[in-house]
Structures are given as structure tokens and as C-alpha cells.
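Trainee: Before we start, here is the structure in question, set down as C-alpha cells.
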Amino acid sequence: MQKRFRYLLAVLLAFALVAAACGDDDDDDDDTGSPTTGADTEIPDGPTIAIGAQDFGESAILAQVYGQALEAAGYDVTYQSLGGFRDIVFSSFDNGDINFTAEYAASALEFLNESAGEATPDAEETTEALRGYLADQGLQALDPSPAIDSNSFVVTQDTADEFSLSAISDLADAGDLTLGGPPDCETNPFCIPGLQDVYGIDFSGRFTSLDGGGPLTVEALRGEEIDVAILFSTSGVIADEGWVVLEDDMGLINADNIVPVLTDDLVDAYGDDFVSLVNSISAAMSTDELTELNKRFDIDREDADAIAADWLSSEGLV
């Protein structure tokens, strides 16, 4: 009985092998065992994606956001820590240390054009101008994210309620409020001169020189030494304190939207599916969400990789 069972098993196995050999040739060609970006999308051979992160929390978080999503889709990813200056980022592209990073559209443009003033408050327009400079270096910018990290005018919730403030233009009717921010605000065209030119609001006699989005400005606003603070729009302290970022309703501030910058080689190797995946990650991120992620890093002292993993999971991207 046992021999008969073995014999029957052997016949069935042989039949199965013959049937498999006679299967559709196209199925054999498609089944390469390669990782895929989806059920039917095969990832072609290409370079490891080396993502550069500058030495501040938001950059580390964004590197992990893009990197973990790409890893989950089957791409090989490594991470490279960079310094805090933009020239290091672009020299790292030049020497091959990185081939992908999350940049800021207006700031990257004005770095590459040597402050020619081409950036505007329009994200698409600014990104398109940036692409022209990147092309000369064998780089590309993909779609800008809705998330933007730029200088912003911030008030406490109490001040917003007292003076009915939701936009920068509301400051015109708010009386003699005081402004605090970086030392160059008095001459920077996007600070006091810009407020006067674009909004008709003159803070020149009501300004306290502090620091660029740093602890001095934060403490001055917290201690009610100033009424309006110039902070980075995704600063974690804004979410932690429940402060209000005034809407730039007349378009003073340039579009420093998050934008992925990567090499032509990556796009050429991985094609449209890769580009679509990266763009979908960018599209999912909002300024408010990025501010909350920064709070978890800066205030709550959580790790960038854990913060990114939670966000990707909540968005259904992993």
C-alpha cells in the first residue's frame, strides 16, 4: 500500500512538472523574482538610491519618509548624513555620495542662480525655474509637495483671538503690534520692506532684532515681549504651543515647498513608476503634518525613522 502511494505520488509529480513546462512562455519571461512597486510592476535594475539628509530634524524625517516608502516598494536605499549647508548637498551629488534628497524649491533655486531673485510665491513656477539650473548638473526636480517650510509670521492663539488675526493682511488693522525676528529683517525684501511694499504695513519702528527662527525669537513670543514672530513655518514649537501661522494672503513669501531632487541616472534607470511613486509621497504631505512631525522630533525627542514610519502607515504608503 505504501509503495503504491509512492508510485501514484511520483506520477502526479511528473505530470505537474510536464504541465508547468508546457505553460505560457510569457509567464516564464515575466516571472523574474525581482521586487515590484505593485502587483504587476517589475522594478528594473538600477543604482542604489542614496538619500542625503542635512543635519536638522526635518531633513532627517523627510529622508526617512521617502526612503522607507521606496524600500517598502522594493528599491534598495541607503542614507547619507550631510552637513547643514546647501553647497555640501550639491557637492555630494557631484561626487556620487548621494543621488536623491528632499530640497526646498525657492532656496535651492536662489542658491543655484546666485540670488538672482527668480523665486516666486508660486510653487510650480519656482520649481520649473529650478529645473533649468538642475539640468546643467544632471539633476531633476520632481513635483513640489504641498508642504512648505519658509519664513512665516506667527502669533499666539490669544493674540489671534484678540485682534481677529488669520492672515498677514489682518495686521494692518491690529494697531501697534511689535515684530521680532532675524537681524536682517529690516533690509530683507521678504521681511519689513516686503511687508510695507506688499501689504502696506510698516513695522520699521516696532521691530526687535533676535535670531533666525531660533530660541531667542521663540522665547520672546512666549514671554509676550513681541506680538508677532518670524519663525520657520514647520517649526515644531508652533504645534507644541498651539500658535497661529498667519496666511500669506497677498503672496510675499517665496515658495519653499519640499521638492525631491535626484539624478538623471535614477529617473532613467527606474522610469515612470518610480517617478509616480515619489510624487505620490510628496503629494500626501501637508505643512501642518510636517509641523507635527517636527514637533515629535524637536519637542518629544522621538527618532526620525519611527516618526516617518508612523506617518507612512497612517497615509497607507507602506
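Trainee: Taking the Cα atoms only, what angle lies between the long axis of helix 304-314 and the longest principal axis of the chain, rounded to 10 degrees?
Mentor: So the helix axis and the longest Cα principal axis differ by about 70 degrees.
Trainee: Something else: For the chain, what is one quarter of the convex hull surface built on the Cα atoms, given in nm²?
Mentor: Projected over every direction and averaged, the Cα hull of the chain covers 22.6 nm².
Trainee: Nearest 10 degrees is fine. How inclined is helix 264-284 to the longest principal axis of the chain, computing both from alpha carbons?
Mentor: Computed tilt is about 60 degrees.
Trainee: Arranged from highest to lowest average of other beta-carbon atoms within 10 Å per residue, in what order do the peptides 200-210, 118-128 appear?
Mentor: Order by mean packing, descending: 118-128, 200-210.
Trainee: Using 0.36 nm per residue of separation minus the Cα-Cα distance, give me the extension gain between Ser81 and Asp273 in nm, one decimal. Intermediate results must be reported in sequence, preceding the final value.
Mentor: Values: separation 192, 0.36 × 192 = 69.12 nm, distance 2.69 nm.
Length difference between fully extended and current span is 66.4 nm.
Trainee: A follow-up question, please. Taking R0 as 51 Å, what's the FRET efficiency between Glu186 and Ala135 from their Cβ-Cβ distance, rounded to 0.05? Present the calculation step by step, with values, prior to reporting the outcome.
Mentor: Numbers: r = 37 Å, r/R0 = 0.72.
FRET efficiency, Glu186 to Ala135: 0.90.
Trainee: What does the charge dipole of the chain about its Cα centre add up to, to the nearest 20 debye, if the Cβ of each Lys and Arg holds +1 and the Cβ of each Asp and Glu holds -1? The partial results should precede the final answer.
Mentor: Details: 10 positive and 65 negative charges, 247 e Å.
So the magnitude is around 1180 debye.
Trainee: Size of the dipole of region 151-245 about the Cα centre, Lys and Arg at +1 and Asp and Glu at -1 on the beta carbon, nothing else charged, in debye to 20? Please report the intermediate quantities before stating the final value.
Mentor: Values: 2 positive and 17 negative charges, 51 e Å.
Its charge dipole is roughly 240 debye.
Trainee: Another question, if that's okay. Give, in nm to one decimal, the length gained when the segment between Ala167 and Glu224 is fully stretched (0.36 nm per residue of separation minus the Cα-Cα distance).
Mentor: 18.5 nm
Trainee: As a check on your grasp of the helix formula, calculate [θ] at 222 nm for the chain: sum -39500 (n - 2.57) over DSSP H runs of n ≥ 4, divide by the residue count, round to the nearest 500. Let's see the in-between values first.
Mentor: Numbers: 12 runs with 137 residues, N = 318.
Calculated at 222 nm, the ellipticity per residue is -13000 deg cm²/dmol.
Trainee: I would also like to ask the following. Might you report the magnitude of the Cβ-based charge dipole of region 99-186 about its Cα centre, with Lys and Arg at +1 and Asp and Glu at -1, to the nearest 20 debye?
Mentor: 320 debye
Trainee: Something else about it: Which whole-number percent gives the relative contact order of the chain, counting Cα pairs below 8 Å spaced six or more residues apart?
Mentor: The normalised contact order for the chain reaches 25 percent.
Trainee: Just to verify a number: FRET efficiency for Thr120 and Ala283, C-beta to C-beta distance, R0 = 30 Å, to 0.05?
Mentor: Values: r = 21 Å, r/R0 = 0.70.
Between Thr120 and Ala283 the formula returns 0.90.
Trainee: Over the alpha-carbon set of region 151-245, work out the extent along each principal axis and list the three values in angstrom, largest first.
Mentor: 32, 27, 21
Trainee: Given Pro144, Asn188, Ser169, which one lies farthest toward the positive end of the charge dipole of the chain, if we put +1 on the Cβ of every Lys and Arg and -1 on the Cβ of every Asp and Glu?
Mentor: Going by the charge dipole, the pick is Pro144.
Trainee: Could you tell me how far the Cα centroid of region 122-143 sits from the Cα centroid of region 275-318, in Å?
Mentor: 23 Å
Trainee: Taking the Cα centre of region 75-229 as the origin and placing charges on Cβ (Lys, Arg +1; Asp, Glu -1), which of Phe153, Thr127, Tyr199 is farthest toward the positive end of the dipole?
Mentor: The Cα lying farthest towards the positive end belongs to Thr127.
Trainee: With angles folded into 0 to 90 degrees, how steeply does helix 57-72 sit against the dominant principal axis of the chain? Use alpha carbons for both and round to 10.
Mentor: In the chain, helix 57-72 runs at an angle near 20 degrees to the longest axis.
Trainee: Beyond 16 Å, what share of the Cα-Cα pairs of region 84-176 is found? Please give it as a whole percent.
Mentor: 63 percent
Trainee: Could you give me the radius of gyration and the Dmax of region 168-318, taking only the C-alpha atoms into account and expressing both in angstrom?
Mentor: 18.8, 58
Readers should treat all values here as calculations from the given coordinates under stated rules, not as data from a laboratory. What you are looking at is a predicted structure, and each value in this text was computed from that prediction instead of being measured. Every residue, glycine among them, receives a Cβ derived from its backbone with ideal geometry; neighbour counts consider all protein chains shown.
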